[in-house]
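Chemist: Can you keep this structure in mind? I'll have questions shortly.
Bear in mind these aren't lab numbers, they're just calculated from the coordinates by the rules spelled out. The structure displayed is predicted, hence computed values, not measured ones. Neighbour counts run over all protein chains shown; Cβ positions are idealised from the backbone, glycine included.
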Amino acid sequence: MDFKSKIRTIPDYPREGIMFRDVSTLMADADAFAGAVEQLCKPFEGLEISKVAGIDARGFILGGAMAVHLNAGFLPLRKPGKLPYRTFSEAYELEYGSDALHMHVDGVEEGEKVLLVDDLIATGGTAEAGVKLLRRGRADIVSAVFLVELPDLGGTRRVRNMGVEVNALVSFDGD
């Protein structure tokens, strides 16, 4: 299946010069969504993944589906103020602002095999914050997994430089 053709591109959103890759169109297509989840999970089948950590918010959709497919638990990495228990926190910069991710302090146990999942990797700030949170919990991060990568923005390289494997289903060069 041509997953790239299922992703809508919106120019100049959320600001001029940004080519927004809207994965909601892929997720709305039942066959494309199921096929994408299957392809994203394939390299990790049989590896006894303990948890899939999904980044707020589209990473929840993918991560939840992947967790079910891999018979793993799901761990939400949330925006500030969304988790009711004590949390670790990591601030990060986006290509158009800043934010933070939080994870319950007991979200992972030492040595658990975890996949970090989000819809897209651009500059890598959000993914880096996710890696740092999981490392604070002493997880064994098997891979960071994305539907879309924008390799020219450096995020894939940034996460790999942290010693984490990166897997993406679709790549858009020049964005």
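Chemist: Can you put Thr156, Thr25 in order, fewest other beta carbons within 10 Å first?
Modeler: Sorted ascending by nearby Cβ count, the order is Thr25, Thr156.
Chemist: Another question, if that's okay. What spacing in nm lies between the two simple spin-label points modelled at Glu45 and Met162, each 7 Å away from Cα in the Cβ direction?
Modeler: For Glu45 paired with Met162, the spin-label model returns 2.8 nm.
Chemist: Lysines near Lys51 by alpha-carbon distance under 26 Å, same-chain residues fewer than 8 away left out - which ones?
Modeler: Answer for Lys51, where 26 Å is the Cα cut-off: Lys42, Lys79, Lys82, Lys113, Lys132, listed by chain and number.
Chemist: Between Ser89 and Ala34, what is the FRET efficiency for a Förster distance of 41 Å, r being their Cβ-Cβ separation, to the nearest 0.05?
Modeler: Computed FRET efficiency for Ser89 and Ala34 comes out at 0.75.
Chemist: In percent, how large is the relative contact order of the stretch 60-143, given Cα pairs closer than 8 Å and 6 or more residues apart?
Modeler: Averaging sequence separation for qualifying contacts and normalising by length gives 30 percent for the stretch 60-143.
Chemist: Toward the positive end of the charge dipole of the chain, about the Cα centre and with charges on Cβ (Lys, Arg +1; Asp, Glu -1), which of Gly35, Ala53, Met66 goes farthest?
Modeler: Result: Ala53.
Chemist: Counting helices only, and only those DSSP H runs with n ≥ 4, report the 222 nm mean residue ellipticity of the chain as the sum of -39,500 (n - 2.57) divided by its residues, in deg cm²/dmol to the nearest 500.
Modeler: Taking each H run of at least 4 residues, the total per residue is -8000 deg cm²/dmol.
Chemist: Just name one of Leu26, Val164, Pro151: the one whose Cα is farthest towards the positive end of the charge dipole of the chain (beta-carbon charges, Lys/Arg +1, Asp/Glu -1).
Modeler: So the residue furthest toward the plus end is Val164.
Chemist: Under unit Cβ charges (Lys, Arg +1; Asp, Glu -1), what dipole magnitude, rounded to 20 debye, does the chain have relative to its Cα centre?
Modeler: Around 420 debye, computed over the chain.
Chemist: From the backbone phi of the stretch 149-160, what are the Karplus-calculated ³J(HN,Hα) couplings (6.51 cos²θ - 1.76 cosθ + 1.60, θ = phi - 60°) in whole Hz, Gly and Pro given as x?
Modeler: Values per residue, Gly and Pro as x: 10, 10, x, 5, 8, x, x, 4, 4, 4, 6, 4 Hz.
Chemist: Modelled label-to-label distance, Asp152 and Arg136, 7 Å Cα→beta-carbon offset: nm?
Modeler: With each label point 7 Å from Cα toward Cβ, the separation is 3.5 nm.
Chemist: With charges set only on the Cβ (+1 for Lys and Arg, -1 for Asp and Glu), what does the dipole of the stretch 68-128 come to about its Cα centre, in debye to the nearest 20?
Modeler: Dipole about the Cα centre, nearest 20: 280 debye.
Chemist: Looking at the calculated P(r) for the chain, what percent of the C-alpha pair distances fall above 25 Å?
Modeler: Tail fraction, whole percent: 28.
Chemist: Still on this structure: Could you quote the convex hull projected area for the stretch 26-96, Cα atoms only and averaged over all directions, in nm²?
Modeler: Seen from a random direction, the Cα hull of the stretch 26-96 projects 6.4 nm² on average.
Chemist: A follow-up question, please. Ignoring the sites themselves, what is the longest stretch of the chain with no GluC sites (Glu not before Pro) in a DSSP loop and at most 15 other beta-carbon atoms within 10 Å?
Modeler: 111-164
Chemist: Hey, can you grab everything whose amide H is under 5 Å from the amide H of Ile121? Only 5+ residues off in sequence or another chain; H modelled, so Pro and N-termini drop out.
Modeler: When sequence neighbours closer than 5 places are left aside, the close amide H contacts are Val148, Glu149, Leu150.
Chemist: Suppose we flag chymotrypsin sites (Phe, Trp or Tyr not before Pro) only when DSSP calls them loop and at most 16 other Cβ atoms lie within 10 Å. Which is the longest uninterrupted stretch of the chain?
Modeler: The answer is 1-84.
Chemist: Rounded to whole Hz and in sequence order, give me ³J(HN,Hα) for the stretch 10-26 from the Karplus expression 6.51 cos²θ - 1.76 cosθ + 1.60, θ = phi - 60°, writing x for Gly and Pro.
Modeler: Result, rounded to whole Hz: 10, x, 6, 10, x, 8, 4, x, 8, 9, 6, 9, 8, 7, 4, 5, 5.
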